[in-house]
1. Which numbered condition trips up V357, out of (1) crowded, with 24+ Cβ neighbours inside 10 Å; (2) within 21 Å of L400 (Cβ to Cβ)?
2. Restrict the check to the range 66-76 and report whether at least one residue is in the same structural domain as G42 (by TED's automatic domain parsing), under 21 Å from V174 (Cα atoms), modelled with pLDDT under 85 and of a type outside the set (F, W, Y).
3. Can you go through L320, L252, L305, L272 and tell me which one is surrounded by fewer than 18 Cβ atoms within 10 Å (Cβ to Cβ) and either in contact (Cβ under 8 Å) with a residue 60 or more places away in the chain or part of a helix (DSSP H, G or I) (or both)?
4. Test C308 against the stated conditions and say whether it is at pLDDT 90 or above, of a type outside the set (K, R) and under 23 Å from L149 (Cα atoms).
5. Restricted to the range 208-228, and to residues that are without any contact (Cβ under 8 Å) to a residue 60 or more places away in the chain and either surrounded by 12 or more Cβ atoms within 10 Å (Cβ to Cβ) or not in a helix (DSSP H, G or I) (or both), which residue is nearest to the chain's Cα centre (by Cα)?
6. Assuming F132 fulfils every condition listed in (1) more than 18 Å from S363 (Cα to Cα); (2) of a type in the set (A, V, I, L, M, F, W, C); (3) assigned to a helix (DSSP H, G or I) apart from one, which condition is it?
7. If I ask for residues that are in a helix (DSSP H, G or I) and crowded, with 18+ Cβ neighbours inside 10 Å, which ones from the range 256-267 would you list?
8. What is the number of the single condition among (1) under 15 Å from R513 (Cβ atoms); (2) outside the structural domain of T504 (by TED's automatic domain parsing) that H454 does not meet?
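The values are calculated or read from the model by the stated rules, or taken from the named source; none is laboratory data. Predicted model, so just to flag it, every value in this text is computed and none were measured. Here Cβ is always computed from backbone atoms with ideal geometry, including for glycine, and neighbour counts include all displayed protein chains.
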Amino acid sequence: MTEPPKHSSPAGDGIAAPLRYPVFRRIWSAGLLSNLGLLIGGVGASWAMTQMTSSADKVALVQTAILLPVMLIALAAGAIADMHDRRVVGMVALAISLSGATGLTLLTWFNLITPNSLLALCFVIGTGMALFGPAWQSSVSEQVPGETLASAVALNGISFNIARSFGPAIGGIVVAAAGSVAAFATNALFYLPLLVVLFFWDRVSEPPRLPRERLNRAMVSGVRYITNSPAIRIVLMRTVVMGMIGGSVSALMPLVTRDLLHGTAQIYGIMLGAFGVGAVIGALNLTRIRNRMSGEAAVRACAVLMACAAATVALSNSPLLTAAALVVYGAAWMLAVTLFNVGVQLSAPRWVAGRSVAAFQASISGGIAIGSWGWGRLTDSFGVEMALLIAAGMMALSMLLGLWLRLPRVGARNEVASELLSDPEVRMQLTGRSGPLVVEIEYRVAQDNARAFHSVMQEVQLSRQRNGAYGWSIARDVADPELWTERYHCPTWIDFLHQRNRATMPERALYLRAINFHIGPGPVRVRRMLERPFGSVRWKDETPDRAVNELLPIVTTAAGSGA
């Protein structure tokens, strides 16, 4: 894997700092065009559908067809981004979206487009973008140094919000001037610069030391890592809540324009633009906020601002006041979502970064989708004003989540230790699929340290499990209370080799803490044993069929910590 460029200037804390790096600057600029193209194409698709059918459901399904793949393939897309060259994955994803946009252009040009074919090709475009998202976002750390990663994530958010602010308006102009076919052609053309930039990105990746995981195993590994990572789990839970409550204003924006402001489609466009401008302002101030406040304090401040802004939107009859409130709301929303995104990306090591980003995308998209449905039902019963006031109250109360689910502090990226562990000695005939493997580690711990040792081992449990182990346990010998046995399983031999080399530097230090409780007389003892059914036992092995016993010296941190 390529190392990101070294930071060369102490002034790298500003929001524009990542743009000093040519690779990021080129990809970001081309990505802005692709986002604009996607939104311009979306306007063309919605307009084309209204020309073909009077069904409101069909028109609404255009956005569903584009966004649905994000929820359907997010985890698989993240696993693919981690398993393969992210540059190549990004190019393949863009090619899929380009094929969909090109198909729409050609069918519309020859008057062959139908509602069903329009929805199918919108789904193809959405599938490409769903596959592209994790590969793009998880590759940011390869384009900029770690100290500017938060700013780079914010700039990617700015890219989308600039597109959201101006894309629909540009799309409307394009459709009015030349029809939907021009919008589809613009969408297709705007993918090309990003494809070219990725093609010429000289990303040098190191060949993996171990065979890559299969897709289904990689997806399971991603879920296992997230569920056993308290930091990521907390951020994702807070993200879902923020999406469910915070998405209320965007979901009800058309009704706010029609029922509260009694405005036209032009006013609706202005309100959307105000929200987008606010989001850009929020992203531009991310670095300043992170330097002055902790993540938890910043998210609480955002919740207060969003609650006040939502209440203002609910009670306002003035387009000017509503637009001002939406600027505030958009800024606070962007800050909160970006802080969550940064928290996920900095908490996950690179080997699982794509899957972590995909989980974040699924969390925010799922939260908004579920919340939008709920706010729509609530509005049917009580009206848009009351629904927004309820949303404001719930947003204010969401600050209390910090008492139970406090956001973790994040600093430098949690990277895997650079030193790979040597493979253990093996005296059996093994293949990568041999398994399950059972690992037993014996510690001798003074009875006075029993409670402290047990506490450390609870952290070891999470570390082992998020890196690929299952069935973890810790046992104490009733006849010899100083003797403790840690035991866990790995599905196959290759899974075991992956698991022991995924530990980050803090995890290696954690394993060393556990080993330091060992009082001897000999070193920590590790057994690695193969479980297999009777039918797979060979009658004539070339070597004795027995488990390997290894004595690991306490001072050898890498070997001892990896088990």
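1. Of the numbered conditions (1) crowded, with 24+ Cβ neighbours inside 10 Å; (2) within 21 Å of L400 (Cβ to Cβ), the odd one out for V357 is (2).
2. Yes, the range 66-76 contains a residue that is in the same structural domain as G42 (by TED's automatic domain parsing), under 21 Å from V174 (Cα atoms), modelled with pLDDT under 85 and of a type outside the set (F, W, Y).
3. Values: L252 fails: surrounded by fewer than 18 Cβ atoms within 10 Å (Cβ to Cβ); L305 fails: surrounded by fewer than 18 Cβ atoms within 10 Å (Cβ to Cβ); L272 fails: surrounded by fewer than 18 Cβ atoms within 10 Å (Cβ to Cβ).
Step by step, each of L320, L252, L305, L272 is checked, and only L320 is surrounded by fewer than 18 Cβ atoms within 10 Å (Cβ to Cβ) and either in contact (Cβ under 8 Å) with a residue 60 or more places away in the chain or part of a helix (DSSP H, G or I) (or both).
4. Considered against the rule, which asks whether it is at pLDDT 90 or above, of a type outside the set (K, R) and under 23 Å from L149 (Cα atoms), C308 comes out as no.
5. Only one residue tops the list, namely V220.
6. F132 satisfies every listed condition except (1).
7. Residues of the range 256-267 in a helix (DSSP H, G or I): 256-260, 265-267.
V256, T257, L260 - these are the residues of the range 256-267 that are in a helix (DSSP H, G or I) and crowded, with 18+ Cβ neighbours inside 10 Å.
8. Every listed condition holds for H454 apart from (2).
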